[in-house]
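The values are calculated or read from the model by the stated rules, or taken from the named source; none is laboratory data. Being a predicted model, the structure only gives us computed values, none of them experimental. Here the Cβ positions follow ideal geometry from the backbone for every residue, glycine too, while neighbour counts run over all protein chains shown.
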DNA sequence: TTGTAGGCGTTATCAC
DNA sequence: GTGATAACGCCTACAA
């Protein structure tokens, strides 16, 4: 109707004109300010509606000097645990009024030097790093960073939220020990979490004065775990229990056991890690360790919000303790074997 | 050194001053313009480095009136096929110089009315809708939209890229028919894709003059598929083959078969859909249908780029044909049963 | 090749 | 409560 420009997106000017108020008033309405009369507010709201106006977040960020956005850098969005992590982050951060932008390491790689750069340039108010930081990520200033998970290096000044994977490794191994097993192997894959889980396995085996025997794969696939397990079983025929460093690897272990003629859990106990939906399936009923990654996400988000409010607080570390999830793939050595 | 303001992020002004050039020159360097002398360019680059300058994407978007960003709206980032879809989108869109922003339906829900609104306000140059659009998404103007997958309604003027799920349903069913099966059941779940796959199943069964028997679940979980299958098998004991509308459901079918004392594929052939990593696992070796979602993503991205260059082109539909992936869970009726 | 000036659509700071 | 007006940091003619 009143619009004179054919195509351009409407601005607050257009809205102001249509509602017969000033641009400032429109801005106040947009921000939900209480000091606007009901009459005017309604008029503005209606104009917004009929004009199809949307505030330009670029202009808002520029003028307001706030984006209310936190960036999340992730290794690979395919990762199972990332999904839980994101849920926890979403919950805590949205609660505090922040929106989330996700970027994986590959993503937009030909447009930004690295994901951090992208977030920095969009003036994210905080950053969650859920990956092993590369060298060029190490010098981030002026923006709070929380690192998620255990990594080889830590960005200076960052808070940390992580699963206690080492404790989880101990938990899994002790469970097998408690069932009477003595020949317990570990099938591990790549990545920081796997290293800690293996350390936990070593802890528990050493404490029990038993030899720790680990078979490592160089890629984190079910197929690699399958072949590693077949080889391991052939080399250690007296094995009665296997701890896989994640559920996907456990899937490979299960297949390898079957193909080696071993019944689970009668001949071989198997425990995984992650408590993925796969583990809960009727077909597998896999005993596993719940890393409680959603709680890690919550902790990370809370920690970030905290620091956003108090930049001086010394960096903290939040460790989330894992839980054992008992299902059907582990059994007592004596009962089943006689 | 020359910086007078203690904390604020440096701007092109700071860079210009430090490099002893004008702000415009800095801007040109930032955009990689060829009409800048090598000396100056280097000077600017170095100043940028030492000052730790990052261009404000908000200011750039505001002034340049371009964001080079396309938004992707997805139902739930947990979805398996979304992962492939995103790969295809990433590839085609990054190639063309666009970055991708992802938002799922839940995400930031307390900050924006809906994800589309967020993208509109950030002035995304294009939008990919990979979910069933809600009513308030139907009136999007002035920004190209491509819808991914088959949905109940279509945003006016949008292009479409989709898997040919109906053809896939036929493909799976025909495979079972070709193996000699006649009592073929279908376990289906919720969602648009499942509806098409079921239609394909119906097509094939009807063409073979056989009764189509479908068991539907109301939630898309392995557990629901498990129980549906147990009930189906009890009601139809002469069943020799089952087509599950996705691999997760197939997992439930497999468990149900085992618990009913049926061997796969000797007593029961099972085919899934999606060709997920689960299907490829050594444990399952599940025969399935590859929907080629990565190609759908590519098609969607290409279609968007096309339209970005030519807004007048009439809306098009890109259908990606599925492929059969033969593994070990289906077998000929006669050979195995004798 | 380089510099100048105006504007992009908001928010914020004032007066009224 | 409401309305001017000055930033915000960058891009883009245009001029030199």
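Observations on the structure shown:
- Screening the range A:67-87 for residues that are within 16 Å of DNA strand C (Cβ to nearest atom) and buried (at least 20 other Cβ atoms within 10 Å of the Cβ) and picking the one that is farthest from the other protein chains (Cβ to nearest Cβ) gives A:69.
- Of the residues making up the range B:281-291, those that are touching a helix residue (DSSP H, G or I) at 6+ places or on another chain (Cβ under 8 Å) and under 23 Å from residue B:149 (Cβ atoms) number 4.
- Residue B:44 within 12 Å of chain A (Cβ to nearest Cβ) and either within 16 Å of DNA strand C (Cβ to nearest atom) or in contact with a strand residue (DSSP E or B) (Cβ under 6 Å, 6 or more places away or on another chain) (or both): no
- Total residues in the range A:28-39 satisfying the condition of being farther than 23 Å from residue B:141 by Cβ and in contact with a helix residue (DSSP H, G or I) (Cβ under 6 Å, 6 or more places away or on another chain): the figure is 1.
- Being more than 11 Å from every other protein chain (Cβ to nearest Cβ) and over 30 Å from residue B:80 (Cα atoms) is a property that residue A:50 has.
- Any hit, the range A:3-19, residues being farther than 30 Å from residue A:293 by Cβ, more than 13 Å from chain B (Cβ to nearest Cβ) and more than 16 Å from DNA strand D (Cβ to nearest atom): yes
- Residues located in the range A:222-244, provided they are in contact (Cβ under 8 Å) with a residue 60 or more places away in the chain and under 24 Å from the mean Cα position of the chain (by Cα): A:243
- There is no residue in the range B:32-41 that is modelled with pLDDT of 90 or more, closer than 30 Å to residue A:8 by Cβ and part of a loop (DSSP other than H, G, I, E, B).
- Search result, residues across the range A:24-37 that are more than 6 Å from DNA strand D (Cβ to nearest atom) and either away from every other protein chain (no Cβ under 14 Å) or surrounded by 14 or more Cβ atoms within 10 Å (Cβ to Cβ) (or both): A:26, A:27, A:28, A:29, A:30, A:33, A:34
- Just one of the listed residues (B:284, B:254) is outside any loop (DSSP other than H, G, I, E, B) and either under 31 Å from the mean Cα position of the chain (by Cα) or under 19 Å from residue B:201 (Cβ atoms) (or both), and it is B:254.
- Residue in the range A:207-218 that is buried (at least 24 other Cβ atoms within 10 Å of the Cβ), in contact with a strand residue (DSSP E or B) (Cβ under 6 Å, 6 or more places away or on another chain) and touching a residue at least 24 places away in the same chain (Cβ under 8 Å) present: no
- Filtered residues of the range B:299-324 (kept if farther than 23 Å from residue B:130 by Cβ and in contact with a strand residue (DSSP E or B) (Cβ under 9 Å, 6 or more places away or on another chain)): B:324
- Where helices (runs of 4 or more DSSP H) fall wholly inside the range A:42-144, the ranges with 1 or more residues that are more than 16 Å from DNA strand D (Cβ to nearest atom) and at pLDDT below 90 are A:80-95, A:115-121.
- Scope the range A:47-66; condition more than 8 Å from DNA strand C (Cβ to nearest atom) and out of contact with any helix residue (DSSP H, G or I) (no Cβ under 8 Å at 6 or more places or on another chain); matching residues: A:49, A:52
- The listed residue being more than 22 Å from the chain's Cα centre (by Cα) and touching a residue at least 60 places away in the same chain (Cβ under 8 Å), out of A:185, A:180: A:180
- Qualifying residues in the range A:88-141 (those that are out of contact with any helix residue (DSSP H, G or I) (no Cβ under 9 Å at 6 or more places or on another chain) and closer than 20 Å to residue B:50 by Cβ) - the one surrounded by the fewest Cβ atoms within 10 Å (Cβ to Cβ): A:135
- Evaluation of residue A:40 against the conditions (1) in contact (Cβ under 8 Å) with a residue 40 or more places away in the chain; (2) surrounded by 14 or more Cβ atoms within 10 Å (Cβ to Cβ) shows that the sole unmet condition is (1).
- Check on residue A:311, modelled with pLDDT under 95 and within 14 Å of another protein chain (Cβ to nearest Cβ): yes
- Hits in the range A:43-64 - residues which are free of Cβ contacts under 8 Å to residues at least 24 places away in the same chain and under 33 Å from the mean Cα position of the chain (by Cα): A:57, A:58, A:59, A:60, A:62, A:63, A:64
- Qualifying residue in the range B:79-93 (condition: out of contact with any strand residue (DSSP E or B) (no Cβ under 9 Å at 6 or more places or on another chain) and under 17 Å from residue A:121 (Cβ atoms)): no
- Only one of B:293, B:269 that is at pLDDT 95 or above, within 24 Å of residue B:130 (Cα to Cα) and buried (at least 22 other Cβ atoms within 10 Å of the Cβ): B:293
- Annotation: residue A:26 fulfils all but one of (1) assigned to a helix (DSSP H, G or I); (2) within 16 Å of DNA strand C (Cβ to nearest atom); (3) closer than 28 Å to residue A:304 by Cβ; the unmet one is (3).
- Residue in the range A:162-183 that is within 14 Å of another protein chain (Cβ to nearest Cβ), part of a strand (DSSP E or B) and within 19 Å of residue A:76 (Cβ to Cβ) present: no
- Being in the same structural domain as residue B:180 (by TED's automatic domain parsing), out of contact with any strand residue (DSSP E or B) (no Cβ under 6 Å at 6 or more places or on another chain) and under 20 Å from residue B:87 (Cα atoms) is a description that does not apply to residue B:259.
- Selection over the range A:45-66 of residues that are more than 27 Å from residue A:94 (Cα to Cα) and buried (at least 19 other Cβ atoms within 10 Å of the Cβ) gives a count of 2.
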